[in-house]
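Every number here is computed from the coordinates shown, using simple stated rules; none is lab data. Remember, it's a predicted structure, so these values are computed and weren't measured experimentally. We place every Cβ from the backbone using ideal geometry, glycine too, and count neighbours over all the protein chains shown.
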Amino acid sequence: MKNICIFASGAGSNAKAIIDYFKDTPHVRVSLIITNNPAANVLRIAQQEKIVSAIVSNRFLHEQQTILKVLSEQKCDLIVLAGFMKQVPDYLVKEYKGRMINIHPSLLPKYGGKGMFGKRVHEAVLNAGESKTGITIHYVNEEYDKGEIILQKETDILPGESVDSVSGKVQALEHYWLPRVAENLLQTTLH
Ligand code: GRF
């Protein structure tokens, strides 16, 4: 059995996509959801899906021994950051090097870095007059949005598109590709 741990701060639609994708897979499951936001919808998803969850304050995230213990108790093979709005501490990056991935809603290195999240990303893309955008799934390293890229997928931006329509197209790509990249990593490099 391979276990995925998801870190998320918001709606949790990517977390849900991963949970659903592996529902009928006997050898992979989401064993833990960690959030830094007590109001995050992802906690409701965890409850509905009967997945162990933990609310970890930004300060508590630095409690190295406790956090690593929780992750190892849930036998975490892969950490997926899915809208986690806090930089992950270095000790965690080191411990899970090559076993921690992030998803970003643009074609990095464009429109990444601090402050670039949610609709802001799509607004910036539209304001710049881009004709395409997309998603990036990458390993996490010590620098925000700068780890080695695993996969990018593009979508065209049509004339007159709104932030909402771009956001919908990008989200569809995220929900399709994130579970598949996780599965591929678990089957290949992390077996
Ligand atoms: C996604 O767009 C992801 O790319 C970004 O944060 C968003 C999370 O959305 N890092 P959700 O909480 O999974 O719905």
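Between residue 157 and 132, 133, the built amide H atoms are under 5 Å apart, and every one of these is 5 or more places off in sequence or on another chain. Once the mean of 1/r is taken over each pair of separate Cα atoms and inverted, the chain shows a Kirkwood hydrodynamic radius of 16.8 Å.
In region 122-188, the ratio of gyration radius to Kirkwood radius, Rg to Rh, stands at 1.03 when only Cα atoms are counted.
Once the C-beta distance of residue 150 and residue 23 is scaled by a Förster radius of 22 Å, the resulting FRET efficiency is 0.40 to the nearest 0.05. Helical runs assigned H by DSSP (4 residues or longer) give the chain a calculated mean residue ellipticity at 222 nm of -10500 deg cm²/dmol, each run adding -39500 (n - 2.57) before division by the residue total. Once you've got the Cα coordinates, tell me which of 132/169; 2/146; 86/146; 50/97 are over 23 Å apart. Violating the 23 Å limit, Cα to Cα: 2/146; 50/97. As a length-normalised measure over Cα pairs under 8 Å and 6 or more apart, the relative contact order of region 1-142 settles at 24 percent. Expressed as a whole number of Å, what is the distance separating the alpha-carbon centroids of region 115-186 and region 13-41? Each part's Cα centre sits 20 Å from the other's.
Taking a ≥ b ≥ c as the square roots of the eigenvalues of the alpha-carbon gyration tensor, region 1-88 is classed oblate because a/c is 1.5 or more while a/b is no larger than b/c.
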